[in-house]
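This report concerns only the one structure given below.
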2 protein chains.
Amino acid sequence: MGIKLHGYPLSPAARRVAACLEEKGLEYEFVLVDLSTGQQKKEPFISLNPFGQVPAFEDGDLKLFESRAITQYIARTYADKGTPLIPTDPKKAAIVSVWSEVESNRFDATASKLSFEIVAKPLFGMITDEGAVDLNAGKLAETLDIYESRLAESKYVGGEAFSLADLHHIPIIYNLFKTKIKALFDERPNVKAWAEDILARPAWQKVLESMKV
Amino acid sequence: MGIKLHGYPLSPAARRVAACLEEKGLEYEFVLVDLSTGQQKKEPFISLNPFGQVPAFEDGDLKLFESRAITQYIARTYADKGTPLIPTDPKKAAIVSVWSEVESNRFDATASKLSFEIVAKPLFGMITDEGAVDLNAGKLAETLDIYESRLAESKYVGGEAFSLADLHHIPIIYNLFKTKIKALFDERPNVKAWAEDILARPAWQKVLESMKV
């Protein structure tokens, strides 16, 4: 049976799970879901995720979707393999949980819109909405101001050690670093150092190597 | 020291944490953060949550924010008290985690906009944007179609037992049940039965009693 990751190589959410699997050093089979032909909205994929979005995940008879639920499962189930991604101390784990929520509700809410507008739309021949870019760049700048203060207190957002809270940011920061939005990171020294550190992780390099398109 | 919940009685996110504390039968002190005077954007609150939003939470020397991180902490730390909210079986816990992400990323993303437009705006003398209501009602209907299928398979969204994944929905559903959006729930028999079940929980009744304004 083993582990299967159903996704599309360019999907940030699929890459998030792949980065987690690589941090843990786990073998897995990548099953291509071709978004260009709408496979994600049809059977058999829709039985894995009724919302019709990649990624989906299988570990033996367990079937999951939602990238951040999948990474939590991997981090807990394979706690003793590879990089520890959730602290064993419950209070430290709670802080990682807080900053995982911040990533999802505050960072990703604006950053993924920017990535969609500036990176994804041109790939699909769509026109970037510059108003949406300006609006979300302003919101992202405010969020990164708070990250700048946070990263003055600890090396990583969830504490002194790299954790799921950092890992979840990687695919979207990677996309944004190819755009003018990189300046928002570069202007903030702690944020810049943190972003460069997490993008340089060997596990992420392996994801980029295996998910070339 | 003990447990402190910093919030505003009408805040759905503060009520989410209160519901979790009540399910666990935990004593706590409610510390009012007066949103009408902007206390959430100033010290001392801003030291608890740099993003300046309620709720924040203290348990002894541990300080947390983000409602869903707080409920996870409570559920894990006080696992043996009151209602079990995260299954002990890791695979069952992973399914709860999936549907907790669905609540946050799919349900709340539209439902909280509807609650804001229809419930919160009139309270603050603002005008409801009917276009935003129609748009989000359409999206919520699509999400509830998938809930209807899910709730044909299991009594609760995360499995056969009530869990955090259900609990997180309660405050926004409570708000929407006072509006025309209730029809979207009533039209779907499994969704209707589930929503009525979780709203009737004694822990939620206690929250409503203690958070009267």
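Please treat every number below as a calculation from the coordinates, not as lab data. Please read all numbers here as calculations on a predicted model, not as lab measurements. Cβ coordinates were reconstructed from backbone atoms using ideal geometry, including for glycine residues, and neighbour counts include every protein chain displayed.
Remark: mean inter-chain Cβ contacts per residue of B:130-143 equal 0, using a 10 Å Cβ-Cβ cutoff to other protein chain atoms. In nanometres and ascending order, the distances from the B:Met126 label point to those of the other copies are 2.6 (point 7 Å from Cα along Cα→Cβ).
Sparse packing (at most 15 other Cβ atoms within 10 Å of the Cβ) combined with a DSSP loop state is found for the following chymotrypsin sites (Phe, Trp or Tyr not before Pro) in the stretch A:82-144: A:Phe124. Rounded to 0.05, the FRET efficiency of the B:Glu29 and A:Lys180 pair, given R0 = 60 Å and the Cβ-Cβ distance, is 0.80. Mean per-residue shielding of peptide A:101-112 is 3, counting Cβ atoms of other chains within 10 Å of each Cβ.
Think of the axis that spins chain A onto B; the A residue whose C-beta lies nearest it, and the distance in whole Å, is A:Ser104, 3.
Shown for chain B is the translational diffusion coefficient from the Stokes-Einstein equation, using the Kirkwood radius over Cα pairs, a temperature of 25 °C and a viscosity of 0.890 mPa s: 138 µm²/s. Ignoring the sites themselves, chain A has its longest run without GluC sites (Glu not before Pro) in a DSSP loop having at most 15 other Cβ atoms within 10 Å at A:28-159. Rounded, prolate or oblate: which one fits the protein assembly as shown, using the alpha carbon gyration tensor with axes a ≥ b ≥ c (rounded when a/c is under 1.5, else prolate when a/b beats b/c, else oblate)? Here the protein assembly as shown falls in the rounded category.
The mean count of C-beta atoms from other chains within 10 Å of the C-beta of residues in B:65-78, rounded to a whole number, is 4. Couplings 3J(HN,Hα) of the stretch B:135-150, computed from phi: 4, 6, 5, x, 5, 5, 4, 5, 5, 5, 4, 6, 4, 4, 5, 4 Hz, in residue order, whole Hz [Karplus 6.51 cos²θ - 1.76 cosθ + 1.60, θ = phi - 60°; x for Gly and Pro]. Could you compute the net charge surrounding B:Gly131? Neighbours are other residues with a C-beta less than 12 Å from the C-beta of B:Gly131; K and R count +1, D and E count -1. Neighbourhood net charge equals -3. Loop-resident trypsin sites (Lys or Arg not before Pro) (DSSP state other than H, G, I, E or B) in the stretch B:28-64 with no more than 14 further Cβ atoms inside 10 Å of their Cβ: B:Lys42.
For A:Phe65, nonlocal amide neighbours, meaning residues 5 or more places apart or on other chains whose placed amide H falls under 5 Å from its own, do not occur.
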